[in-house]
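Written below as structure tokens is the structure these notes are about.
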Amino acid sequence: MKKNGTLNSEISKVLSDMGHTDTIVIADCGLPIPANVKKIDLALKIGTPAFLDVLEELEHEMMIEKVTLASEINEHNPNLHHLLCDKFTDIAYVSHEDLKQETKSAKAIIRTGEATPYANIILKAGVIF
């Protein structure tokens, strides 16, 4: 659920429409986007915008109950994994293939310019009360 403020109008609309347990994905520039899921493409060039920049903005905008990461992130992108573990206490891990399957039920996928391995996260909406 959206907490306050405004970002990109498409992101703002999706967040405003989300309810408890709905999901939104922040993706690197390589994650495939399922045809039936809204794609919000922010990618400008490799690295811009960065995954963490987009995540930090969404943290201000929505109540996050839980996150899901690909289990491969620990081995292939340990720096990002460490930062995410510092941010979130409720983390579920699934294989990258299963994560791609879970994106099919997301309200939207925000594509960033991130070009580091497994820089994808599923954010599950909580409630503000």
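Odds and ends about this structure:
- Counted over the stretch 50-101 with a bin width of 10 Å, the fraction of Cα pairs per bin, in whole percents, is 22, 56, 22.
- Mean residue ellipticity (222 nm) of the chain, computed from DSSP H runs ≥ 4 via -39,500 (n - 2.57), nearest 500: -8500 deg cm²/dmol
- Accessible surface of the chain [probe 1.4 Å, protein heavy atoms]: carbon and sulfur percent: 49
- Each DSSP beta bridge with both residues in the stretch 1-109 is either parallel or antiparallel, and the antiparallel ones are about 20%.
- Gyration tensor verdict on the stretch 34-75 (Cα atoms; rounded if a/c is under 1.5, prolate if a/b is larger than b/c, oblate otherwise): rounded
- Here's the picture: charge each Lys and Arg Cβ at +1 and each Asp and Glu Cβ at -1 in the chain, and of Ser105, Leu80, Tyr93 the one pushed furthest to the positive end of that dipole is Ser105.
- Working note: Cα gyration tensor of the stretch 17-129, eigenvalues times five, square-rooted, sorted largest first, giving semi-axes of 19, 17, 14 Å.
- Mean Cβ neighbour count within 10 Å, used as a protection proxy, ranking 39-47, 113-121 highest first: 113-121, 39-47
- Relative contact order, percent, the chain [alpha-carbon distance under 8 Å, six or more residues apart]: 48
- Of the residues Ala43, Pro117, Asn8, the one whose Cα sits farthest toward the positive end of the charge dipole of the chain, with +1 on the Cβ of Lys and Arg and -1 on the Cβ of Asp and Glu, is Asn8.
- The alpha-carbon of Lys87 sits under 20 angstrom from the alpha-carbons of these lysines, leaving out residues fewer than 8 places away in its chain: Lys2, Lys3, Lys66, Lys124.
The values are calculated or read from the model by the stated rules, or taken from the named source; none is laboratory data. Everything numeric here is computed off the predicted structure, so don't read it as measured data. Heads up, the Cβs are rebuilt from the backbone with ideal geometry, glycines too, and the neighbour counts pull from every protein chain shown. To get the accessible areas, we keep the full protein, side chains included, count just its heavy atoms, and leave off ligands, DNA and RNA. Shrake-Rupley method; radii C 1.70, N 1.55, O 1.52, S 1.80 Å.
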